[in-house]
Amino acid sequence: MKKREWCLAALAFVLTLTAAVGRGWAYFTTYTEARGSYTISLGDETTVEEDFSAWTKHVTIKNSDDSEPVFVRAKAFCGSEYSLMYSDASGKWTPNSDGYYYYSDVVPGGGSTESLDIKIENVPTDVKDSASFHVVVVYETTPVLYHEDGTAYADWERKVDTGTVKGDEA
């Protein structure tokens with residue numbers, strides 16, 4: 001009987017040791033030290049540049065140097081008594097039924113779109129001050145995704161958690 005009790009005690013001891021080995025081994029396999037640093041950027045950062053002349057707003061969207069490639073879409077709003085006429089010399093901006101104009105090319109990091117021109121129409125002839133007119137440009141970007149064959153596409157319905165924006169804290 002003593003031999004059986006001793007075997008059970010030894011088995012319990014061995015099982016206890018093997019259970020603790022996993023935690024100890026995890027420490028040795030996950031601990032590391034490094035020297036130096038390397039900054040990486042995840043995501044994209046774009047800015048809009050707008051110029052206004054002759055009742056036309058010229059819009060260019062730029063992607064920062066360290067950003068991922070993106071697709072861009074834009075639309076503009078103004079008062080209901082005026083209308084907006086979109087045009088571009090490059091032919092790369094295409095209207096869609098959702099009111100956005102889509103840029104056909106991928107905008108790489110450090111790149112920019114061709115100019116999208118938005119002309120204010122129905123301006124009374126007696127109005128000389130263009131500073132009283134406001135055209136609001138809204139643009140969106142989405143990361144470039146790739147099909148299995150390598151062709152790029154945009155998924156405008158994809159939801160990305162951008163976290164808390166400064167000033168949005170409750």
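The values are calculated or read from the model by the stated rules, or taken from the named source; none is laboratory data. Here the structure is a predicted model, which is why all the values come from computation and not from measurement. Here the Cβ positions follow ideal geometry from the backbone for every residue, glycine too, while neighbour counts run over all protein chains shown. These accessible areas exclude ligands, DNA and RNA; they are computed on the full protein's heavy atoms, side chains included. Shrake-Rupley method; radii C 1.70, N 1.55, O 1.52, S 1.80 Å.
Of HIS147, HIS134, the residue with the largest accessible area leads and the full order is HIS134, HIS147 (1.4 Å probe). Distance between the modelled labels on TYR146 and LEU15, one decimal in nanometres: 5.1 nm (7 Å Cα→Cβ projection). Distances between placed amide hydrogens fall under 5 Å for TYR101 paired with ALA74, LYS75, all partners being 5 or more residues away or on another chain.
When each of the peptides 96-104, 148-156 is scored by how many other beta carbons lie within 10 Å of its residues on average, the order from highest to lowest is 96-104, 148-156. In order along the stretch 135-149, phi translates into HN-Hα couplings of 10, 9, 9, 10, 10, 9, 10, 9, x, 6, 10, 10, 6, 4, 7 Hz, rounded to whole numbers, per the Karplus curve 6.51 cos²θ - 1.76 cosθ + 1.60 with θ = phi - 60° and x for Gly and Pro.
Our analysis of the stretch 59-122 gives Rg over Rh at 1.02, with the two radii drawn from alpha carbon positions and Rh computed by the Kirkwood formula.
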